[in-house]
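Notes follow once the structure below has been shown.
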Amino acid sequence: MLAKLLPGDDVIELEMPVVGGNLAYRFVKRAFDVVSCSCALIILAIPMAIIAAKIKLESPGPVIYSQRRVGKNGKIFNVYKFRSMYTDAEARGARWAVGDDPRVTPFGKFMREKRIDEIPQFWNIVKGDMSLIGPRPERPAFCQEFEKRIHGWNYRTSVRPGLSGLAQVMGGYNLLPKEKVVLDLEYIEHRSIVVDLKIILKTLGVVSTGEGAR
């Protein structure tokens, strides 16, 4: 999937991807999502309770933070995370995460480096809002702005969004939105069990190093 800059403009035009993955792949993918994430929630129950206590002791506010995201076919859903920011972090509205973000708590920084804050999204996966692997879901306000300059940004929603994806293991926050969307559409076209397994393994490597965290 190739993006091209329009002559004399910075608007990007994307071609609609052909969604890859046959019926058998989709069945196996969904079954693996449900079984693996259900087991993970059970196994991580005690560690999650400890994390919750640490968050509560460090700063006032809820332990779990929910945020509206755009899912498959444009459906809006609430994504769940362990709260890693102070409760007034977005008093002035939605903002893009930056390196050394002052809104992030000390323990929140550690959680983000190790992607621990994403653990509650296992429940989103069990519910069917998300998959383990797919394009990361974005906030509605950001999607609207990106679509103005990246025509075809919304093609990303032709499959379930993921906890991790090709863009995350190829650069994550270090990539520009126009770079991420090209990788997301490439994944949509070529997704398979082998591709998903490779991304899962690369994700484990990213988590172990904390590379690209914000």
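The values are calculated or read from the model by the stated rules, or taken from the named source; none is laboratory data. All values derive from a computational prediction rather than experimental measurement. Glycine also receives a Cβ, built like all others from the backbone with ideal geometry; neighbour counts cover every protein chain displayed. Ligands, DNA and RNA are excluded from the accessible area calculation, which covers all protein heavy atoms including side chains. Shrake-Rupley method; radii C 1.70, N 1.55, O 1.52, S 1.80 Å.
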With unit charges on the beta carbons (Lys and Arg positive, Asp and Glu negative) and the dipole taken about the Cα centre of the chain, which residue among Cys39, Pro137, Val206 sits farthest to the positive side? Cys39
Top positive-direction residue, dipole computed over the chain with Cβ charges, set Met111, Gln168, Leu183: Met111
Could you run the Karplus curve 6.51 cos²θ - 1.76 cosθ + 1.60 with θ = phi - 60° over segment 145-150 and give me ³J(HN,Hα) per residue in whole Hz, x for Gly and Pro? 5, 5, 5, 5, 10, 10
Within the chain: Cβ-based charge dipole about Cα centre, in debye rounded to nearest 20 (Lys, Arg +1; Asp, Glu -1): 560 debye
Run lengths n ≥ 4 of DSSP H only: what is the helix-derived mean residue ellipticity at 222 nm for the chain, with -39500 (n - 2.57) per run over all residues, to the nearest 500? -14000 deg cm²/dmol
Shape call for segment 112-214 from the C-alpha gyration tensor, a ≥ b ≥ c root eigenvalues: rounded (a/c under 1.5), prolate (a/b greater than b/c) or oblate? rounded
Per residue, how much accessible surface does segment 20-209 expose to a 1.4 Å probe? Answer in Å², no decimals. 52 Å²
In square angstrom, rounded to the nearest 10, how much accessible surface does Ser66 have for a 1.4 Å probe? 60 Å²
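Express the relative contact order of the chain as a whole percentage, based on alpha carbon pairs under 8 Å and six or more residues apart in sequence.
Computed value for the chain: 28 percent relative contact order.
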Any idea which of Gly71, Ile150, Val19 is furthest toward the positive side of the dipole for the chain, if Lys and Arg beta-carbons carry +1 and Asp and Glu beta-carbons -1? Gly71
Accessible-area composition of the chain, carbon plus sulfur, in percent [1.4 Å probe]: 63 percent
Using R₀ = 45 Å, calculate the FRET efficiency as 1/(1 + (r/R₀)^6) where r is the Cβ-Cβ separation of Glu147 and Ile193; round to 0.05. 0.90
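How many Å³ per residue does the convex hull of the Cα positions in the chain occupy?
Each residue corresponds to 120 Å³ of Cα convex hull volume.
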